[in-house]
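Structure first, then comments.
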Amino acid sequence: MRRKTKEILAYLAVAAISISQIQFPAMADEEPTKYTQDNGTIGENDDYDVNVANNVTNKGYIYSNEGKVSSNEGDINENHDTVTTNEDGGEISENSKDGSVGTNKGEIVANYGSVETNNGKIETNDSENEITGTVEENNGNITYNYGSVTTNETKGTIDENYGKVGTNKGLISENYGDVNTNKGEIIENSDDVTLNDSDGLIVTNEESVKTNNGEITTNGNDNSEASIEVNNGSVNTNRGLIEKNNGAIEISFGDITKNESNGTVEKNVGHIETNNGTVGTTENGTGNFNSINENNGTVHLNAGSDDRLSGPMDKELTEFFEDYEGAIIYTNNGTIVINNGYLETNSESGNVTTNDGIIQINEGIVYENTGNVETNKGLVAGNKGTVETNASGTVENYGTVDKNYAAVYNYGGTVKDNTKGIEYFHITIVEGKNLKRSDGDFTIYNQQEWLGQEGNTKTSTSVIITPANGFYIPEMKVPANVNAERQSDGSWILTFTSGTNISITLPDAKLLYQGGDDSDDDSGDSDSGSGNGASGNNGNNQNGNNLLTQSTLTVTDAMGNPVSIDLSTVLKPISDMTVAINSMSSMFSVAANDIKSFGTVDISALFATTSAESITVPVGAAVSAGTTYTVLLSNGEKLTVTCTENGQLNIPFTKGIGQLTFIICNEQQSAPVLPPVSEQTHNTIMGAEVSMAALSAGNDFVGAATEGLALASNVGADGVSSFAQMGGGTLRQETG
């Protein structure tokens, strides 16, 4: 209707102008005045009704030109032939269908013929419903174009185009016709533009643009069905239809059939049927605020009910976000960076970086979920929210899984119903030094060890911890759901039971006692010793056993009443094996590798509340049931005890006072090894030996007094010990 109205108004305007300018010729019975002189000038003497001459210069008035006017500086009412140049100030009221104007610098009120170059003004280029009015090149102004303009040049303007414009490089204020190529500016397009070129601008498109390589400020309005077939350029606001977008769209309230791989839509407040490109930017908090049917590209934000566009919003956006419930993506085959809205299906190829909204079905990957996944058939890599049903997928769970039918790896979360699924618990074993461990029957996931539990049935697996040769493990502190059992060979068996995540740090294995220094090097500082003289480099020879196998022991007092003894006050460990060996009588000898345990027993504390003469105390040791062991006591006693329980030896102690040191060792021992003697001890004894030798009658041997006090380096293969050879003499002290 708008187009028809403008056409009628234009025709009326042209008609009014034409009528006002008509000077009617003589009556039919009168001969019209004709100008017939070639190369002449009209207007010097008179005006003429008809010009039939050639190469005429018109400075006056010609009602009808049927000849050739080379230069028109006056008025021509009708041109039926040729006007080479309509000069500035010249006017042609009507350039008829059979008329032509070479160059117009003045004004043509109505053109029904052809104008080669318009540098002036054409009021109406009118085709009269036929494409007869043509302007080859327009550098001036055409008020109404109903005909054809081949090129509207850079300085050319067309106020209203109802016809055809081949190429527009200038300005078309309103287009109701066809523009083949726009390289200039069209303020309002209400019909067809075939190509809006890269340097073209369409301020408002209310109809059709076939291809946009330039800029369209607004495509469509609320009442129009504007369309862009292919957008390779930029569209600031889309309220219509864009069939294919390879360019950039700032905000779309309308429809986009396909956003191609190179296409970007900053803010989608309308509908995108298929997105292969990019919607939104994370840093700007933009993306999809309405609907996308299928995403194969990247959507930076699928908005939730609390999301809004940053900055001031106009009335249209304000109304849009009233009672806003969030956006929706029906199928995701690509990437959604942030989903705060609703995602119907995340397919096998789809991934969601962060979900704080709702995902109905996940078949792909959700890297972090703080929202809700209704059904999971893929991977929820970090669930800190809720997975309602884990149907056939995998969940790394920090949050809640309502029902599990598949696999859940527990990172501290909760599975409410695991009746038909497997829940895996994380097992962390931090290994100490100088030991090795067996693998155990664990599941490896993400390069970590897990212990699975089917339904509510607990499962367990064992790991053997073995110290390196020459080392021992003193004790094993274990958390809940782990059982530790020491073996006779010094290894430990750790049994892990499912139900909780378990973290255990294994202790460093410690170096066993290995005897004294066999070298002859006595240049260093010597360590003083006492008793049996064990000292020197043995400070790391610590007890490898937990002495307490039970915390209390029940005995009877003098009245026959039961009394509980706190064994932690009775049994005390000794940190250094050397100390234990040095406390023994010199009559005892034992090899370090035969020792099973050692420590002290407080006899006074043991018998403080009882009148019993003897109490049997359970002591932890690396012993095996059915094997007989020797117990050495620092008071010189030697006991033989048979083990009845792995890891524990029941030792009988006799009533007394003070403390005793004990050593538990093999009954059948290795070759006797005496405690090592330091060089200082040896020299002290030898000093006394020399004095005794000087006081004796001669070369008497005092081997009995010095038995066992030779340095290891002075013991021969025959077992004879050489203590000293004095001066340059022949006196030699030996003992067998």
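Structure notes:
- With neighbours defined as other Cβ atoms within 10 Å of a residue's Cβ, the residues 606, 567, 343 order from fewest to most as 567, 606, 343.
- FRET efficiency for residue 460 and residue 552, using Cβ-Cβ distance with R0 set to 41 Å, rounded to 0.05: 0.90
- Protection proxy ranking for 229-237, 632-640, using the average of other Cβ atoms within 10 Å per residue and placing the highest first: 229-237, 632-640.
- Total formal charge among the other residues, if their Cβ is under 9 angstrom from that of residue 629, Lys/Arg +1 and Asp/Glu -1: 0
- Radius 13 Å from Cβ of residue 401, net charge of other residues (Lys, Arg +1; Asp, Glu -1): -2
- For peptides 252-261, 141-150, 427-436, sequence by mean Cβ density within 10 Å, most packed first: 141-150, 252-261, 427-436
- Loop-resident GluC sites (Glu not before Pro) (DSSP state other than H, G, I, E or B) in the stretch 268-346 with no more than 15 further Cβ atoms inside 10 Å of their Cβ: 283, 322, 325.
- Each residue of the stretch 360-368 is assigned a 3J(HN,Hα), and the resulting list reads 6, 9, 10, 10, x, 10, 10, 6, 8 Hz, derived from the Karplus form 6.51 cos²θ - 1.76 cosθ + 1.60 (θ = phi - 60°), x at Gly and Pro.
- Annotation for residue 614 and residue 563: the two label points, set 7 Å from Cα along the Cα-Cβ direction, are 1.9 nm apart.
- For residue 642, residues with placed amide H under 5 Å, excluding near neighbours: 629
- Inter-label distance, nm, simple model (7 Å from Cα along the C-beta direction), residue 591/residue 70: 13.7 nm
- Residues whose amide H comes within less than 5 Å of that of residue 616, counting only those at least five positions distant or on another chain, are 653 (H built at 1.01 Å from N in the peptide plane).
- Ranked by how many other beta carbons lie within 10 Å on average, peptides 397-403, 215-221 from highest: 215-221, 397-403
- Electrostatic tally near residue 501: other residues with Cβ closer than 13 Å to its Cβ, Lys and Arg +1, Asp and Glu -1, net -3.
All of the numbers you see were taken from the coordinates with simple rules; none came from a lab. Model, not experiment: these values are computed from the prediction. Virtual Cβ from ideal backbone geometry, glycine too; neighbours counted across all protein chains shown.
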